[in-house]
């Protein structure tokens with residue numbers, strides 16, 4: 001039998017390695033990872049599958065959702081990116097990541113996807129998944145954008161996933 005351990009924050013990998021098979025906790029993101037702050041807007045998340053068999057074991061990865069960005073200063077092409085920053089040793093059996101670049105609809109206060117990128121099931125290791133480019137259309141007012149990441153793992157015959165997003169960035173760009 002396996003349990004899923006979900007933890008958000010910078011020290012998530014360390015805390016998951018210390019977790020016992022009988023203890024599963026949920027912890028909030030660290031205070032300095034506020035998803036609504038512009039410059040400090042990358043948000044970390046980590047989650048793990050804990051094997052409760054006599055052999056035991058913990059498998060998981062830590063990920064980060066980076067704030068939306070332009071490749072060059074003059075570029076009108078915006079991207080979002082999700083990164084796997086580290087995994088347990090041994091890592092989970094398989095991983096998958098979906099990254100969406102989202103824009104906020106000002107009148108409805110809803111987020112909608114403007115571009116997406118995906119890394120299909122494969123080996124769990126450090127990697128970056130980037131959305132396809134979104135062409136920015138000039139706007140006299142700023143619009144809000146964020147990166148939304150869904151990361152999935154498989155270990156011990158169990159599946160787990162976690163969604164998380166970057167902080168909000170405002171650009172003179174219409175979504």
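The values are calculated or read from the model by the stated rules, or taken from the named source; none is laboratory data. Keep in mind the model is a prediction, meaning the values are calculated, not measured. Ideal geometry is used to build each Cβ from the backbone, glycine not excepted, and the neighbour counts take in all protein chains shown.
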* Sort through 124, 173 and tell me the only one that's surrounded by 12 or more Cβ atoms within 10 Å (Cβ to Cβ) and part of a loop (DSSP other than H, G, I, E, B). => 124
* Tally, over region 47-80, of residues that are surrounded by fewer than 23 Cβ atoms within 10 Å (Cβ to Cβ) and more than 16 Å from residue 125 (Cα to Cα) -> 19
* To do: Can you confirm whether region 57-67 contains a residue that is over 17 Å from residue 161 (Cβ atoms) and free of Cβ contacts under 8 Å to residues at least 12 places away in the same chain?
  => no
* To do: Have a look at 86, 67, 104 and point out the one that is assigned to a strand (DSSP E or B), more than 30 Å from residue 49 (Cβ to Cβ), modelled with pLDDT of 90 or more and in contact with a strand residue (DSSP E or B) (Cβ under 9 Å, 6 or more places away or on another chain).
  => 104
* To do: Consider only pairs whose beta carbons are under 7 Å apart and that are at least six residues apart or on different chains; among these, list those whose first residue lies in region 123-142 and is free of Cβ contacts under 8 Å to residues at least 60 places away in the same chain and at positive phi and whose second residue is assigned to a strand (DSSP E or B) and surrounded by 13 or more Cβ atoms within 10 Å (Cβ to Cβ).
  => none
* Among the residues of region 147-162 satisfying the criterion of being modelled with pLDDT under 90 and under 16 Å from the mean Cα position of the chain (by Cα), which is farthest from residue 73 (Cα to Cα)? -> 160
* Asked: Restricted to region 39-64, and to residues that are over 15 Å from residue 148 (Cα atoms) and outside any strand (DSSP E or B), which residue is modelled with the lowest pLDDT?
  -> 39
